[in-house]
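To start, the structure under review is shown below, and the notes come after it.
Rule-based calculations on the coordinates, nothing more; no lab input. Not measured: the values here are computed from a predicted model. So basically every Cβ, Gly included, is an ideal-geometry build from the backbone, and we count neighbours across all protein chains shown.
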Amino acid sequence: MDKTFFDQYGEFLGGKLKPKRSVRVVFDCSNGYAGEVLKKALKGRKDVQAYYLNDVPNGDFPGHGPNPILPEALNALGREVLLRKADLGVTLDGDADRVIFIDDKGREIDPDMVVKLYIERKKPEKVALDIRMGRLVTGRTIKTTRTRVGNYYVKKAMIEKDISFGAERSGHYFFKLGKAYIDMAIMMTFVFINFVSEKNEISSWIDDNQTTFRLKEKNYSVKNSRRLLLKIRKAYAKQEPKWSELDGLTAEFKRFWFNIRPSSTGEELIRINMEADTEEILKKESGMLESLIRNE
């Protein structure tokens with residue numbers, strides 16, 4: 001790849017990094033080109049002490065594969081964060097358009113929490129968020145456009161409504177740059193490092209702000225997803241939730257909500273997301289929903 005590109009892109013990204021204090025960060029580059037860009041952007045800086053995992057580009061992905069949300073990727077990064085006594089862990093996917101963060105206690109930071117902090121600090125006028133984003137961010141007064149899952153839909157909403165920031169729970173974060181709308185994981189990484197540097201421990205802020213409980217997205221094999229969605233709607237009708245069919249079926253109740261949507265890849269799968277005010281409610285309601293699915 002052209003060296004000039006790396007120099008220019010690294011310099012551009014480096015300009016976004018303005019930590020308030022020196023921070024230690026472990027970067028897992030998933031054997032993509034993120035490591036090359038990061039090293040250019042961080043060259044000569046003393047305010048970020050960087051440690052690298054899987055930073056040599058290799059299309060066979062010998063470290064753990066290009067997907068940053070798999071347990072083998074996050075567990076290894078979490079251990080390294082604890083070993084290095086780092087302030088933050090960062091794992092980027094193979095083409096560096098997705099990023100997942102690990103806090104100083106080695107725990108995955110929920111993307112909703114990342115967006116919540118971004119909104120609080122940057123105060124954008126409008127945001128575009130996929131349908132899976134929860135009440136940590138959607139319950140705020142900021143003008144929010146909900147979209148179907150998929151970066152195409154987030155970008156489309158940003159373009160149509162002139163929105164400067166968008167996000168998906170998969171780790172895509174979108175920015176408006178001039179007339180372009182781009183998912184830029186490394187830029188989000190540097191912005192988030194700035195946020196982390198303002199706090200003694202990002203884990204303490206997370207614990208103080210964790211007011212809801214999430215069911216991590218789960219997949220189920222089904223024979224007829226359309227029939228299943230009709231069955232679920234009928235089962236919950238008496239509770240009179242607020243329904244949405246923007247992407248699959250979303251039901252909003254006072255103390256919990258769920259989204260169930262068919263796979264967009266043509267597989268006979270449905271995907272479930274759920275959030276509740278308490279762990280007890282989450283356990284009860286997710287069990288009920290899963291029972292409906294298994295008995296289909």
Work out from phi, with θ = phi - 60° and the Karplus expression 6.51 cos²θ - 1.76 cosθ + 1.60, the ³J(HN,Hα) of each residue of the range 86-92, listed in order in whole Hz, and give x for Gly and Pro. 7, 7, 7, x, 9, 10, 10
Taking the beta-carbon count within 10 Å as an exposure proxy, list Trp205, Trp243 from fewest neighbours to most. Trp243, Trp205
Once you keep just the Cα pairs under 8 angstrom separated by 6 or more residues, what percentage relative contact order results for the range 213-294? 37
Efficiency of FRET from Cβ geometry, Gln8 and Glu280, R₀ 45 Å, rounded to 0.05: 0.30
Compactness ratio of the range 82-183: Cα Rg over 2.2 N^0.38 Å, N = residue count? 1.09
Cα long-axis angle, helix 225-236 against the chain (0 to 90 degrees, to the nearest 10): 70
Per-selection metrics, the range 4-104 (Cα): Rg and Dmax in Å: 13.0, 38
Using 1/(1 + (r/R0)^6) with R0 = 25 angstrom and r between the beta carbons of Lys199 and Val56, what's the FRET efficiency to the nearest 0.05? 0.20
At R0 = 30 Å the Cβ-Cβ FRET efficiency linking Ser264 and Lys85, nearest 0.05, sits at 0.15
D for the range 213-294, whole µm²/s, Stokes-Einstein with Kirkwood Rh over alpha-carbon pairs at 25 °C and 0.890 mPa s: what number? 192
Placing one identical point scatterer on every Cα of the chain and ignoring solvent, what is log10 I(q)/I(0) from the Debye formula at q = 0.17 Å⁻¹? -1.48
Under the definition of Cα pairs under 8 Å and six or more residues apart, what whole-number percent is the relative contact order of the range 29-125? 27
Only counting other Cβ atoms within 10 Å, I'd like Leu177, Leu292 sorted with the fewest neighbours first. Leu177, Leu292
Diffing the range 26-41: the Karplus 3J(HN,Hα) column from phi (6.51, -1.76, 1.60, θ = phi - 60°), in whole Hz with x for Gly and Pro, holds 9, 10, 9, 9, 6, 6, x, 8, 4, x, 5, 6, 4, 5, 5, 5
Under the rule of at least 5 residues apart or a separate chain, name every residue whose amide H is placed under 5 Å from the amide H of Gln49. Val23, Arg24, Val25
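Suppose every Lys and Arg Cβ carries +1 and every Asp and Glu Cβ carries -1, with no other charges. What dipole size does the chain come out with about its Cα centre, to the nearest 20 debye?
Working: 53 positive and 44 negative charges, 181 e Å.
Result for the chain is approximately 860 debye, rounded to the nearest 20.
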